[in-house]
1. Do we have LYS108 as open to solvent by 80 Å² or more (accessible area, probe 1.4 Å) and at pLDDT below 95 here?
2. Identify, please: which residue in segment 85-95 is open to solvent by 50 Å² or more (accessible area, probe 1.4 Å) and over 11 Å from the mean Cα position of the chain (by Cα) and is, among those, nearest to ARG130 (Cα to Cα)?
3. Scan segment 41-63 for residues that are open to solvent by less than 50 Å² (accessible area, probe 1.4 Å) and either assigned to a helix (DSSP H, G or I) or modelled with pLDDT of 95 or more (or both) and report the count.
4. From the list LEU150, LEU174, which one is touching a residue at least 24 places away in the same chain (Cβ under 8 Å), over 27 Å from LYS76 (Cα atoms) and either open to solvent by 30 Å² or more (accessible area, probe 1.4 Å) or part of a helix (DSSP H, G or I) (or both)?
5. Does LYS169 satisfy the condition of being among the charged types (D, E, K, R), under 30 Å from GLY105 (Cα atoms) and part of a helix (DSSP H, G or I)?
6. Give the residues of segment 51-67 that are touching a residue at least 24 places away in the same chain (Cβ under 8 Å) and under 19 Å from the mean Cα position of the chain (by Cα), sorted by residue number.
7. In this structure, does ASP120 turn out to be open to solvent by 50 Å² or more (accessible area, probe 1.4 Å), of a type outside the set (Gly, Ala, Ser) and either part of a helix (DSSP H, G or I) or touching a Pro at 6+ places or on another chain (Cβ under 9 Å) (or both)?
Amino acid sequence: FNLAYNLYDTGKRDQAVKRYEEMLKQYPGSKFVPDTYVQLGNHYFDVANILEKARSYFEKAFATPNPRIKSYALYKLAWCDFNAGEHEKALKKLQDTVELAEKQGKEKTATDLKNEALQDSIRMFTQLNRADDAIAYYNAKAGKKKQTSLITKLGYAMADAGHHDNAIKSFRYLLNDNPNAENAPDIQQAVIKSYEGLRQRDNVNA
């Protein structure tokens, strides 16, 4: 495992993949098997861009009992779904990742993964055009400061995607929640731009 890891780290990826695959065949009971599944999954996802092979290794990693491996594999499976255009499934897996991470307590790796899953869920909610569900979810799963950050990014993502109604809904929520926030003028300007995107000039003037 260490040989394969170091080979990969020095750019000898083909050799590393071969070593990882040899290790799985020769030592199926090794404690390094779950990490090997992850390494191979990441290779086929990030480098080789072979989605189904990546998914296969991440599914094997998810089937292991190690909570750290399990939650990370589920997070990567969410991105496999997203890249395959299955946005509803991707969102569900990210939400399940958050649940698994929460069960691991305040361990840093789990906390970081939870925060990353929450952040990445913005893309899924935007693709699905579901601001109400996103706002409710972030209020349930994030602290106050994090909620504000996530909903702000959601609003801008909705606007960029042309989902102006839901962008306005997100921005209005923020303004109602804290009308005196430091970035309130920027949020108000974003509302105006979304109304312009909807060609609702009466609301722009108001």
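1. Working: open to solvent by 80 Å² or more (accessible area, probe 1.4 Å): yes; at pLDDT below 95: yes.
Answer is yes for this residue.
2. Looking at residues that are open to solvent by 50 Å² or more (accessible area, probe 1.4 Å) and over 11 Å from the mean Cα position of the chain (by Cα), I get GLU88.
3. Pass one, segment 41-63, residues open to solvent by less than 50 Å² (accessible area, probe 1.4 Å): 41-45, 48, 51, 54-58, 61.
From the residues that got through so far, the ones that are either assigned to a helix (DSSP H, G or I) or modelled with pLDDT of 95 or more (or both) too are 41-45, 51, 54-58, 61.
Number satisfying all stated conditions: 12.
4. Details: LEU150 fails: over 27 Å from LYS76 (Cα atoms).
One residue alone meets the criteria, LEU174.
5. Values: among the charged types (D, E, K, R): yes; under 30 Å from GLY105 (Cα atoms): no; part of a helix (DSSP H, G or I): yes.
So LYS169 does not fit the description; no.
6. Scanning segment 51-67 gives LEU51, ALA54, ARG55, ALA61, PRO67.
7. Details: open to solvent by 50 Å² or more (accessible area, probe 1.4 Å): no; of a type outside the set (Gly, Ala, Ser): yes; either part of a helix (DSSP H, G or I) or touching a Pro at 6+ places or on another chain (Cβ under 9 Å) (or both): yes.
The answer is no for ASP120.
Quick grid of which residues meet (1) assigned to a loop (DSSP other than H, G, I, E, B); (2) open to solvent by 30 Å² or more (accessible area, probe 1.4 Å); (3) of a type outside the set (Gly, Ala, Ser):
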residue	(1), (2), (3)
ARG19	no, yes, yes
GLN39	no, yes, yes
ILE69	no, no, yes
ALA78	no, no, no
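The values are calculated or read from the model by the stated rules, or taken from the named source; none is laboratory data. Just so you know, these numbers come straight off a predicted model, no measurement behind them. Every residue, glycine among them, receives a Cβ derived from its backbone with ideal geometry; neighbour counts consider all protein chains shown. Protein only, heavy atoms only, side chains kept; ligands, DNA and RNA dropped before computing areas. Shrake-Rupley method; radii C 1.70, N 1.55, O 1.52, S 1.80 Å.
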